[in-house]
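One structure is given here, and the rest of the page talks about it.
The values are calculated or read from the model by the stated rules, or taken from the named source; none is laboratory data. These numbers come from a predicted model, not from an experiment. A quick note on method: Cβ atoms are made from the backbone with ideal geometry, for glycine too, and the neighbour counts reach across all protein chains shown.
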Amino acid sequence: MRLTKITIIFSLAFVLASGFMWGNIANSEDKIELTQGQINLLSKLQNQQLISIEPKLNRAYIDPGLWRSMKYKLKEDFAATLAIYCGNKKGTYLYWVEIYDQYSGKKLAKYSRNWGFKVY
C-alpha cells in the first residue's frame, strides 16, 4: 500500500519529533541511537522507493516531491536521522550525510554533526 504525501509528512514529523533531542547532536561525542520507529520509517520509505540510502558513501537519495513538501525544520530533522543511520550502519559513529534528488542527482542538502545543516 502506497502512502499519500500528507500521511508520509505527518508520519515523518511525528516519528522524528519523538526520537531524540536534535540540539544535543552537535555536542555529543557518543554513539546516537535511532528509535525503532525511526528505523521502521526509513525502511518503509526505502521499500516504497521514496528514498534510497548508501551508508558507505554517506549519501541518501530522496523523491523530490517528498523533499519539497517538507518544511525546513522537518528537512533538518530528517537529514540528521539519515546522518545517524549512515554513521551507525558504517560503525564509525561519524554523523554526516549528503542528500540528493533521486531523479536529477542534484545535491539538495547536507547535514553534519560538526557543521550543521545546509540546503542548496
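On the given criteria, is ALA80 among the hydrophobic types (A, V, I, L, M, F, W, C), closer than 20 Å to GLU33 by Cα and out of contact with any Ser or Thr (no Cβ under 8 Å at 6 or more places or on another chain)?
Yes: the conditions hold for ALA80.
When you look at ILE51, is it modelled with pLDDT of 95 or more, closer than 15 Å to TRP115 by Cα and of a type in the set (Val, Ile, Thr), yes or no?
Answer is no for this residue.
How many residues are more than 19 Å from SER104 (Cβ to Cβ), outside any helix (DSSP H, G or I) and in contact with a strand residue (DSSP E or B) (Cβ under 7 Å, 6 or more places away or on another chain) when one looks only at region 41-57?
0
I'm told SER11 meets every condition in (1) at pLDDT 95 or above; (2) polar (S, T, N, Q); (3) more than 10 Å from the chain's Cα centre (by Cα) except one. Can you identify the failing condition by its number?
Evaluating SER11 over (1) at pLDDT 95 or above; (2) polar (S, T, N, Q); (3) more than 10 Å from the chain's Cα centre (by Cα) leaves (1) as the failure.
Quick one: which of LYS56, LYS89 is surrounded by fewer than 17 Cβ atoms within 10 Å (Cβ to Cβ) and in contact with a Pro (Cβ under 8 Å, 6 or more places away or on another chain)?
LYS89
So which pairs qualify, if the first residue must be in region 86-112 and farther than 15 Å from ARG68 by Cα and assigned to a strand (DSSP E or B), the second must be basic (Lys, Arg) and modelled with pLDDT under 95, the Cβ gap must be under 7 Å, and the two must be at least 6 apart or on different chains?
Here the result reads TRP96/ARG113, each pair linking region 86-112 to a residue that is basic (Lys, Arg) and modelled with pLDDT under 95.
Which count do you get for residues in region 58-78 that are under 9 Å from the mean Cα position of the chain (by Cα) and not in a helix (DSSP H, G or I)?
The total comes to 1.
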